[in-house]
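Chemist: Pasting a structure below so you can have a look.
The values are calculated or read from the model by the stated rules, or taken from the named source; none is laboratory data. Because the structure is a prediction, the values reported are computed rather than measured. Here the Cβ positions follow ideal geometry from the backbone for every residue, glycine too, while neighbour counts run over all protein chains shown.
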Amino acid sequence: MEPGKLSPTILVVDDDRSIRTLVKALLEIEGYAVLTADGAETAMKLYDQSTVALLLTDVVMPNINGLELADQLLQREPQLRILFMSGSEDASRGFGCVAKPFTGAGLIRRVGEVLESLPASQVARMAVA
């Protein structure tokens, strides 16, 4: 990240506390501002209280899964960037995905790529066209 540049806020959502803690630490070392949530309901509340550049969410979660969470947040903010964490890249519906288990370097690289890419809504429209 460039010195003096504001760091984007990343909302990390995973029902596994150890993954949330690890991902938060890795991203903060790189200079990102990080919010964490243990599920979709908490994530939506945090989203409403902050300016989030990237949703980094697990796909498989109880109640509302990561795909449904992404759909709900994209309705609020079509420019939101999305990156899924999953044991299966097929689960991401064509959006960015980092496969579990991942390395710290691999996660940071994918986060950077997604933040520099088109917003998720534009990628989805291109995939449908």
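Chemist: Out of curiosity, is Glu41 in a helix (DSSP H, G or I), free of Cβ contacts under 8 Å to residues at least 24 places away in the same chain and more than 11 Å from Ile10 (Cβ to Cβ)? Working first, answer last.
Modeler: Details: in a helix (DSSP H, G or I): yes; free of Cβ contacts under 8 Å to residues at least 24 places away in the same chain: yes; more than 11 Å from Ile10 (Cβ to Cβ): yes.
Yes; evaluated as a whole, the condition is true for this residue.
Chemist: Exactly one of (1) surrounded by 14 or more Cβ atoms within 10 Å (Cβ to Cβ); (2) more than 17 Å from Val111 (Cβ to Cβ); (3) at pLDDT 95 or above is unmet by Leu27. Its number?
Modeler: Condition (2) is where Leu27 drops out.
Chemist: Return the total of residues in the range 23-38 being without any contact (Cβ under 8 Å) to a residue 60 or more places away in the chain and part of a helix (DSSP H, G or I).
Modeler: The initial filter retains those residues of the range 23-38 that are without any contact (Cβ under 8 Å) to a residue 60 or more places away in the chain, namely 24-25, 28-29, 31, 33-38.
Those still in the list that are part of a helix (DSSP H, G or I) too: 24-25, 28-29.
Residues flagged as without any contact (Cβ under 8 Å) to a residue 60 or more places away in the chain and part of a helix (DSSP H, G or I) within the range 23-38 amount to 4.
Chemist: Output the residue which, of all residues in the range 84-129 that are of a type in the set (Ser, Thr, Tyr) and in a loop (DSSP other than H, G, I, E, B), is modelled with the lowest pLDDT. I'd like the intermediate steps shown before the answer.
Modeler: Here is the first cut: in the range 84-129, the residues of a type in the set (Ser, Thr, Tyr) are 86, 88, 92, 103, 117, 121.
Cutting the leftovers down to in a loop (DSSP other than H, G, I, E, B) gives us 88, 103, 117.
Working: Ser88: 65, Thr103: 94, Ser117: 80.
My answer is Ser88.
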